[in-house]
Amino acid sequence: MAKPGEERFEQFNPLTSAIIGCAMRVHEELGPGLYEEVYQVCMEVELREHRLAYRPQVPLPVAYRGELIVQEGYKLDVLVEETIILELKSVEVVVPRHKKQLATYLKLADKPLGLLINFSVDMLRDGIYRIINPRWNPGRSIGQ
């Protein structure tokens, strides 16, 4: 059941479920403790096998007051189906800064939601965070 005001994000539940399934497969195979880059490559394999369109390391421009100030200010770890941002981590503890980072990426890219997935946990469900962008505008995307 969605929280009030979050109903418009329910349409993405099947896609986020598929992505989480891919992450669980990677975690079951490898377990915790590897570098983030290893998990990213393995996630790309799983996304491909599940026929999910994705782009790794997507440049994220930064605009200020409508003016482009940095062409490639940041990079999204993975953008799935041009909709969901994946922020992959392999850290001992997810701190508020990690969640804020993804929230900022969602705002800058104007994407509806993201998944922060920390692979350095014993049970992957304890390392998955769904972050929504309450300011999401479906008519705009990266670079527009």
Q.
Can you confirm whether Y129 is of a type in the set (F, W, Y) and either in contact with a helix residue (DSSP H, G or I) (Cβ under 8 Å, 6 or more places away or on another chain) or surrounded by fewer than 18 Cβ atoms within 10 Å (Cβ to Cβ) (or both)?
A. yes
Q.
Please list, ordered by residue number, the strands (runs of 3 or more DSSP E) wholly in the stretch 1-111 having 1 or more residues that are in contact (Cβ under 8 Å) with a residue 60 or more places away in the chain and closer than 18 Å to Y129 by Cα.
A. 67-80, 84-89
Q.
What's the total number of residues in the stretch 51-82 that are touching a Phe, Trp or Tyr at 6+ places or on another chain (Cβ under 7 Å) and at pLDDT 95 or above?
A. 4
Q: Output the residues belonging to the stretch 112-126 that are aliphatic (A, V, I, L, M) and either closer than 24 Å to V62 by Cα or touching a residue at least 40 places away in the same chain (Cβ under 8 Å) (or both).
A: L113, L115, L116, I117, V121, L124
Q.
Checking L113 against (1) surrounded by fewer than 16 Cβ atoms within 10 Å (Cβ to Cβ); (2) modelled with pLDDT of 95 or more: exactly one of these is not met. Which one?
A. (1)
**Q.** Members of the stretch 51-103 that are loosely packed, with under 15 Cβ neighbours inside 10 Å and closer than 21 Å to N118 by Cβ
**A.** Q57, K75, V91, E92, V93, V95, P96, R97, K100
**Q.** Those residues of the stretch 18-44 which are exposed (fewer than 13 other Cβ atoms within 10 Å of the Cβ) and touching a helix residue (DSSP H, G or I) at 6+ places or on another chain (Cβ under 9 Å), in sequence order
**A.** G21, E28, E29
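The values are calculated or read from the model by the stated rules, or taken from the named source; none is laboratory data. Bear in mind that the values here come from a model prediction, so they are computed numbers and not experimental data. FYI the Cβ positions are ideal-geometry reconstructions off the backbone, even for glycines, and counts take in every protein chain you see.
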